[in-house]
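Worksheet for the structure shown next.
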Amino acid sequence: MPLKIEGLSKKFKDRPILQDINLQVEDGEFLCIVGPSGCGKTTLLRIIAGLEKPTTGRILADGRPIKGPGADRGFVFQQYTLFPWRTVLENVTFGLELKELEKDEREKIAIDYLKLVGLEDFKDAYPYELSGGMKQRVAIVRALANNPRFLLMDEPFAALDIQTRNLLQRELLYIWDKTNETIIFVTHNVDEAVFLADRIVVLSARPGRILKIFKVEIDRIRDRLSKEFLTLRGEILKILEKEVKLR
Amino acid sequence: MKKFLEALIIPVILLIIWSMLTFTNLVPSYILPSPYEVLIAFYNLLVTGELFLHAMSTLSRVVAGFSAAAMISIPLGIGIGWSKTLERLFNPIIQILRPIPPLAWVPFALLWFGLGLKAEAFIIFIGSFFPILLNSLDAVKGVERVLIEAACTLGATEGQVLIKVVLPASSPGILLGLRVGFGIGFMCTVAAEMIAAKSGLGYLIMEAMRLLDTGEVVVGMLTIGLIGFAIDYLLLKVEERYIPWRGKTI
């Protein structure tokens, strides 16, 4: 199993954030994690990335326990995190530069990825010259250029307007299809999760526990107004609503 | 062109008021020299080469003291901003030394270095050291956490984070520190020259004052102003050239 989370819990000081998380992620899977705000879903993703340490339990990536952040787990943040002093191309080559690839080679790889999101013409632009949607496209491509084993995404489209968000969801599915990445995608937006995921993990209010895992078996590209889509979305929303009331 | 003219409005108005006050003898010239007297004094100082010599003498002190301060305080500031241990080690001594006005160091500057370039350079060193140090330190501390995390998830080691993220991210703050440090250092030199020197623009002003040559005093003051302005402008241009993303949101 490529990613295995075993008995994981997390406390900040004495406050429990996550409780007894057990989860397995399959190769090439698109997994979404949803939950009410403050439920620890971002923390869970950060622990997988190695940016935080679990209080108990462990995570195995291809059988090896995760000790810290690494290039094998690409991360796309909710905030804009492009390096403002680097052009689009230099941002995308950042990881390859760390691996000490030759300049020609890393630029070739970067351009190929930029083509994937239609931004090759913006390679010499600085991040401040890009729109929010473009910045997040570059951030995704920057993570992908490292050819990571897992792509971890923390509400990457939350700051975008609804049209851009829908467009980027489609683009992400296209990228996923082309690259066969394994994606773990955190969102509070149930609609987004149902549109994207193979499986949806629903977390409880804090401390986050896994309430239910849904398998989504609707053909892509999914119609947001189809009966199956709305039924599943309604079911998940009902669970979450109960959670929010409980607090 | 319009902007350029706008920038001239206030100086021209001041010049007119100044001329009216002095040419009418409303204010006697030993209180305030007329623009004409200043021009004469400027011409005399220029042809004798005195102005150039004093300006060069001040500038060489500034360059010496300022570069020495930058070479020590930038790496130190980055180190303290990055490492909690270094911060704990250095913070107390910095906090105690920082409030001491650079001019309070004049007695030791004279005792240690005697009259001359070294003593003055030492004063400017003290003057520009702390602004550069504190700005570098703050710049490093202010680097967005998420940029560092982004680099880590792209596979960066701590050293790579420091060189490829922290350094470029804090360069606008460091450059700001250089500008502030230069301004303060420059002021300190001139003030120090007034107390303890045999050359420099500060010395020129004090000598002119002793002879009640107020025109020359004004020439000295304006030269200081113009040099300070020119160097600050130069540093600003460096910033615009090398940090095009400065002040922009990420």
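Rule-based calculations on the coordinates, nothing more; no lab input. Keep in mind it's a predicted model, so treat the numbers as computed, not measured. Note that each Cβ is placed from the backbone with ideal geometry, even for glycine, and that neighbours are counted across all protein chains shown.
Structural remarks
- Sparsely packed chymotrypsin sites (Phe, Trp or Tyr not before Pro) within region A:27-101, loop by DSSP, other Cβ within 10 Å at most 15: none
- A DSSP coil position with no more than 16 other Cβ atoms inside 10 Å describes the following GluC sites (Glu not before Pro) in region B:52-144: B:Glu144.
- Restraint check, A:Lys41/A:Lys135; B:Lys118/B:Lys237; A:Lys99/A:Lys135; A:Lys115/A:Lys215; A:Lys11/A:Lys212, Cα-Cα greater than 28 Å: B:Lys118/B:Lys237; A:Lys115/A:Lys215
- Magnitude of the charge dipole, region A:1-84, Cβ model with Lys/Arg +1 and Asp/Glu -1, debye to 20: 460
- Cα gyration tensor shape of the protein assembly as shown, rounded if a/c is under 1.5, else prolate or oblate by comparing a/b with b/c: prolate
- Here each label is just a point 7 Å from Cα along the line to Cβ, and for B:Met56 and B:Ile96 those points are 4.3 nm apart.
- Rounded to whole numbers, the Karplus 3J(HN,Hα) couplings from phi for region B:28-36 are x, 6, 6, 8, 8, x, 7, x, 4 Hz, using 6.51 cos²θ - 1.76 cosθ + 1.60 with θ = phi - 60°, and x at Gly and Pro.
- Spin-label model, B:Leu222/B:Leu86: points 7 Å from Cα along the beta carbon direction are separated by 4.6 nm.
- The charge dipole of the protein assembly as shown, taken about its Cα centre with unit charges on the Cβ of Lys, Arg, Asp and Glu (plus for the first two, minus for the last two), comes to roughly 1600 debye.
- Of the peptides A:32-39, A:10-17, the order by per-residue mean of other Cβ atoms within 10 Å, starting with the highest, comes out as A:32-39, A:10-17.
- Think of region A:57-166 as having a plus end and a minus end, set by charges on the Cβ of Lys, Arg, Asp and Glu; of A:Phe157, A:Leu114, A:Leu89, A:Phe157 sits farthest toward the positive end of this dipole.
- The protein assembly as shown: antiparallel DSSP beta bridges as a percent of all, rounded to 5: 50
- Amide H contacts for A:Ile33 (H built 1.01 Å from N in the peptide plane; partners 5 or more residues away or on another chain; cut-off under 5 Å): A:Phe185, A:Val186, A:Thr187, A:Val201.
- Point-to-point label distance, B:Leu111-A:Lys178, nm (Cα→Cβ direction, 7 Å offset): 7.2
- Rounded if a/c under 1.5, otherwise prolate or oblate - region B:192-237, Cα gyration tensor axes: oblate
- Once exposed loop trypsin sites (Lys or Arg not before Pro) are cut out (DSSP; at most 12 other Cβ, 10 Å), longest piece of chain B: B:1-197
- Over chain B: helical MRE at 222 nm, DSSP H runs n ≥ 4 each giving -39500 (n - 2.57), nearest 500: -26500 deg cm²/dmol
- Within 10 Å of each Cβ in A:41-50, the average number of Cβ atoms from other chains: 1
- For chain A, a simple Cβ point-charge model (Lys and Arg +1, Asp and Glu -1, everything else neutral) yields a dipole of about 1220 debye relative to the Cα centre.
- Most mobile listed residue (B:Leu137, B:Leu234, B:Leu204) in chain B, GNM with C-alpha springs under 10 Å: B:Leu234
- Note on the protein assembly as shown: dipole from Cβ charges, positive end direction compared against B:Leu117, B:Ser128, B:Trp82; the farthest Cα belongs to B:Trp82.
- In Hz, Karplus ³J(HN,Hα) per residue of region B:9-22 (6.51, -1.76, 1.60; θ = phi - 60°; x = Gly, Pro): 4, 5, x, 5, 4, 4, 4, 5, 4, 4, 4, 4, 4, 8
- Karplus-derived HN-Hα couplings along region B:226-238 (A = 6.51, B = -1.76, C = 1.60, θ = phi - 60°), whole Hz, x at Gly and Pro: 5, 5, x, 4, 4, 6, 5, 4, 4, 5, 5, 5, 4
- Each peptide in A:227-240, A:180-193 gets a packing score, the mean of other Cβ atoms within 10 Å over its residues, and the list from highest to lowest is A:180-193, A:227-240.
- Cβ neighbours within 10 Å from other chains - mean over B:239-247: 2
- Within 10 Å of each Cβ in A:68-80, the average number of Cβ atoms from other chains: 4
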